[in-house]
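The values are calculated or read from the model by the stated rules, or taken from the named source; none is laboratory data. Note that the structure is a prediction, hence the values are computed from the model and not measured. No Cβ is skipped: glycine too gets one built from the backbone with ideal geometry, and neighbour counts run over all protein chains shown. Heads up: the accessible areas ignore ligands, DNA and RNA and are worked out on the full protein's heavy atoms, side chains in. Shrake-Rupley method; radii C 1.70, N 1.55, O 1.52, S 1.80 Å.
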Amino acid sequence: MQAAVLREFHQPLEVEEVQIEAPQRGEIVVRIAASGVCRSDLHVQEERSPVARLPMVLGHEGAGVVEELGAGVESLAVGDHVVVALFGPCGTCGDCRAGDIVSCMSETRQNNMFGLMPDGTTRLRLDGAPVHPMVGSGSLAELAVVREAQAVKIDPEIPLDQACLAGCGVTTGVGAALNAAQVTPGSSVAVVGCGGVGLNVVQGARIAGAARILAVDTQATKLDLASDLGATDPVHLAQGQSVTDAIQAVVPGGVDFAFEVIGKPEIVAQAFAATRSGGTTVMVGSPPSGADIAVDGRLLFSDRKLVGTLGGGNVPQRDIPRLMEFYRQGSLKLEPLISQRLPLTQVNEAFEALVTGELARSVIVF
Ligand code: APR
Ligand code: ZN
Ligand code: ZN
């Protein structure tokens with residue numbers, strides 16, 4: 001099967017023939033129909049990601065059709081439409097059994113994260129040597145072998161080229177609003193950074209019933225998109241302008257909820273300073289390893305909260321069906337997030353678009 005392989009950091013992906021082995025117990029083969037390209041894929045290519053293990057089939061935002069079942073798979077059937085989630089809980093560790101699936105850090109989950117199956121091997125081969133599927137997904141490929149727990153069945157009427165976005169960006173953004181922050185009806189929200197993920201924080205805040213949703217970005221095109229998706233107040237940041245001042249100019253005294261969706265420590269601190277006492281700031285963006293976040297201690301000497309999240313506190317089997325239901329009802333928009341659709345052979349164009357940063361999402365369609 002054809003797959004987009006990263007053989008060397010800082011080099012373009014190579015679309016080439018990768019051999020696939022039969023699924024083992026608890027695994028399935030998915031024929032990928034579409035896969036979004038996310039900033040975390042770029043982080044791997046640019047050697048910034050802890051999950052990189054080369055050679056690697058990139059992609060972790062895929063959806064497709066179940067093609068083959070390994071032994072013991074009971075929750076899925078051949079022909080089912082599925083979204084491949086960012087991770088699949090192990091189901092057996094103490095945290096999973098206590099219902100705290102988000103906290104699962106079992107060996108199975110760790111292996112998943114580093115592109116391995118639970119037994120520490122992979123089902124992909126290039127010239128006989130193992131190839132790693134990014135976060136156990138590797139969705140920039142015609143076929144993916146994934147754990148049953150990582151695939152979530154969806155209504156076959158939902159177009160797969162839109163559903164795939166629930167694999168990462170939509171789940172993370174909406175989950176940051178609904179799970180991590182628990183945005184309350186009537187509240188004021190500021191979303192700082194309205195890219196592929198931030199636009200979904202905007203949607204999550206709208207779904208939660210926020211009264212004011214400030215979309216803050218340096219790029220005007222992102223603000224237009226954010227307005228289409230539910231932002232009430234576009235805030236166009238001038239170069240060097242403080243996020244705190246820009247937000248408080250619109251909501252004096254500060255917002256109830258602030259989200260940093262860029263990955264810049266100084267912006268996290270500014271977003272935090274833009275909340276009112278009692279407010280909550282969620283850092284959604286991934287900051288560089290080892291970077292400190294310097295918040296003003298006087299502001300934290302209050303009831304303000306600064307919280308982290310990894311992937312929006314996402315429990316795949318709960319959140320992906322919920323997102324698909326929002327989509328079906330019309331409250332979650334997916335099509336406006338898609339800036340371009342490309343064939344796998346043009347996958348490197350999607351990575352270039354991430355570097356220039358002007359588009360929301362590129363989706364590779366098979
Ligand atoms: N102030 C305001 N907005 C900014 C600034 C800034 N200083 N710098 C960048 N932005 C905006 C960009 O214009 C863009 O719209 O932040 C947005 C970032 O969006 P994307 O590049 O599409 O990134 P995205 O995929 O949304 O990921 C955002 O979340 O999951 C993490 O690793 C991911 O850290 C990344 C973050
Ligand atoms: Zn577990
Ligand atoms: Zn992602």
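Residue-by-condition table, conditions (1) charged (D, E, K, R); (2) more than 20 Å from the chain's Cα centre (by Cα):
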{"site": "G290", "(1), (2)": "no, yes"}
{"site": "F301", "(1), (2)": "no, yes"}
{"site": "G313", "(1), (2)": "no, no"}
{"site": "L323", "(1), (2)": "no, no"}
{"site": "F326", "(1), (2)": "no, no"}
{"site": "L332", "(1), (2)": "no, no"}
{"site": "I338", "(1), (2)": "no, no"}
{"site": "R341", "(1), (2)": "yes, no"}
{"site": "V347", "(1), (2)": "no, no"}
Out of G70, G79, G26, G91, I need the residue that is touching a Lys or Arg at 6+ places or on another chain (Cβ under 7 Å) and either more than 24 Å from G128 (Cβ to Cβ) or within 16 Å of ligand 2 (Cβ to nearest atom) (or both). Which one? G26
Please work out if T122 is assigned by TED's automatic domain parsing to the domain that holds S49, closer than 20 Å to E16 by Cα and polar (S, T, N, Q). yes
Restricting attention to the range 52-77, the residues that are within 16 Å of ligand 3 (Cβ to nearest atom) and over 17 Å from G167 (Cα atoms) number exactly 2
When restricted to L54, L6, the only residue buried (at least 16 other Cβ atoms within 10 Å of the Cβ), more than 19 Å from the chain's Cα centre (by Cα) and modelled with pLDDT of 95 or more is L6
Any residue at all in the range 146-162 that is within 16 Å of ligand 1 (Cβ to nearest atom), over 19 Å from G330 (Cβ atoms) and touching a Ser or Thr at 6+ places or on another chain (Cβ under 8 Å)? no
Could you tell me how many of the residues in the range 179-195 are within 16 Å of the chain's Cα centre (by Cα) and open to solvent by 30 Å² or more (accessible area, probe 1.4 Å)? 2
List every residue pair whose Cβ atoms sit under 6 Å apart, with the two residues 6 or more apart in sequence or on different chains, where the first one lies in the range 1-24 and is within 15 Å of L42 (Cβ to Cβ) and the second, anywhere, is assigned to a strand (DSSP E or B). A4/V15; L6/M56; L13/A4; L13/L6
In the range 221-232, what residues are open to solvent by less than 30 Å² (accessible area, probe 1.4 Å) and either modelled with pLDDT under 95 or touching a helix residue (DSSP H, G or I) at 6+ places or on another chain (Cβ under 9 Å) (or both)? K222, A226, L229, G230, A231
Among (1) within 21 Å of C194 (Cα to Cα); (2) open to solvent by 20 Å² or more (accessible area, probe 1.4 Å); (3) away from ligand 2 (no atom under 16 Å from the Cβ), where does L310 come up short? (3)
Does V44 satisfy the condition of being in the same structural domain as V347 (by TED's automatic domain parsing), open to solvent by less than 60 Å² (accessible area, probe 1.4 Å), farther than 15 Å from Q150 by Cβ and in contact with a Phe, Trp or Tyr (Cβ under 9 Å, 6 or more places away or on another chain)? yes
Filtering the range 265-286 down to residues that are open to solvent by 20 Å² or more (accessible area, probe 1.4 Å) and at pLDDT below 95 yields S286
Of everything in the range 310-336, what is modelled with pLDDT of 95 or more and either part of a loop (DSSP other than H, G, I, E, B) or not assigned by TED's automatic domain parsing to the domain that holds R361 (or both)? Give them in sequence order. G330, S331, L332, K333, L334
Enumerate the pairs (first residue in the range 260-273 and under 11 Å from V197 (Cα atoms) and assigned by TED's automatic domain parsing to the domain that holds V243; second residue anywhere and within 8 Å of ligand 1 (Cβ to nearest atom) and outside any loop (DSSP other than H, G, I, E, B)) with beta-carbon separation below 7 Å, excluding pairs fewer than 6 apart on the same chain, so at least 6 apart or on different chains. E260/V192; E260/I267; V261/V192; V261/G198; I262/V192
Taking the range 235-254 on its own, how many of its residues are under 17 Å from C194 (Cα atoms) and touching a strand residue (DSSP E or B) at 6+ places or on another chain (Cβ under 9 Å)? 6
